[in-house]
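Values in this text are rule-based calculations from the coordinates and carry no lab data. Because the structure is a prediction, the values reported are computed rather than measured. Reconstructed Cβ throughout: ideal geometry from the backbone, glycine too, with neighbour counts over all protein chains shown.
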Amino acid sequence: MSATNNTCRSVRVPVGAVSLDGDLCIPEGAQGLVLFAHGSGSGRHSPRNRYVAGALQERRLATLLIDLLTVEEEAVDMRSGELRFDIGLLAGRLIGATGWLGTNDTTRALRVGYFGASTGAAAALVAAAERPAAVGAVVSRGGRPDLAAEVLPRVQVPTLLIVGGNDVPVIGMNREALALMRAQAQLVIVPGATHLFEEPGALEEVARLAGDWFARYL
């Protein structure tokens, strides 16, 4: 799914000592921009996130899908699984990418939201807590907001938590996280969906919910 009149290009985003690979798409008349924070073992080529990005573009939201780890770090993480749970590292990369968007001529005028999956959702919430003026909204898909428990009371942006109805452990984690939040926050459970939302219609529902949330707050 992709919007007509999209301007899409590959970008290299400098963040500290590294450069991160990303895919930036800006539909004609864009009303905001969604930065994707990928989760465990996932990246900008994730079919699920690319589907959601396409749906957001249809709603005149620009998207930046970015690999929060370098190729070398990804190789280390594939062996150890450590970096995908380094929430501070991932949040720092998100903050850096958000800063880059604010200085880029084609994106600086667009309000930024975060779409986080799995551990990427925790990173998105930490980044939103650290940069409240730069972030307009957060959406979490099957996320682990519990991994950001310490900062949740400081999150100021409207946050939507989406969890599959059959993803029982993660429902509990999201309910606990919701109880810690003071910002406007909502938990939506998609009936019959598992952690990856692979069931017919499940990912479409995620895209609809996310699109509504971002359209409202960006």
What number comes out for the charge environment of Glu82, summing +1 per Lys or Arg and -1 per Asp or Glu over other residues with Cβ under 14 Å away? -3
How big is the Kirkwood radius of the stretch 6-217, worked out from every pair of different alpha carbons and given in Å to one decimal? 16.7
Net charge over other residues, Cβ less than 9 angstrom from the Cβ of Ala177 (K, R count +1; D, E count -1): 0
Whole-angstrom gap from the stretch 152-218 to the stretch 69-120, using each part's C-alpha centre: 20
Based on the mean of other Cβ atoms within 10 Å per residue, sort peptides 44-54, 141-151 so the most packed one is first. 141-151, 44-54
quick note, the chain, DSSP beta bridge pairs, % antiparallel (nearest 5) is 35
Counting Lys and Arg as +1 and Asp and Glu as -1 over every other residue whose Cβ sits under 12 Å from the Cβ of Ala202, the net charge comes to -2
Give the relative contact order (percent, whole number) for the stretch 127-187; include only Cα pairs under 8 Å separated by 6+ residues. 37
What's the magnitude of the charge dipole for the stretch 6-217 around its Cα centre, counting Lys and Arg as +1 and Asp and Glu as -1 at the beta-carbon? Answer in Debye, nearest 20. 600
Contact order normalised by residue count of the chain, Cα under 8 Å, 6+ apart, percent: 18
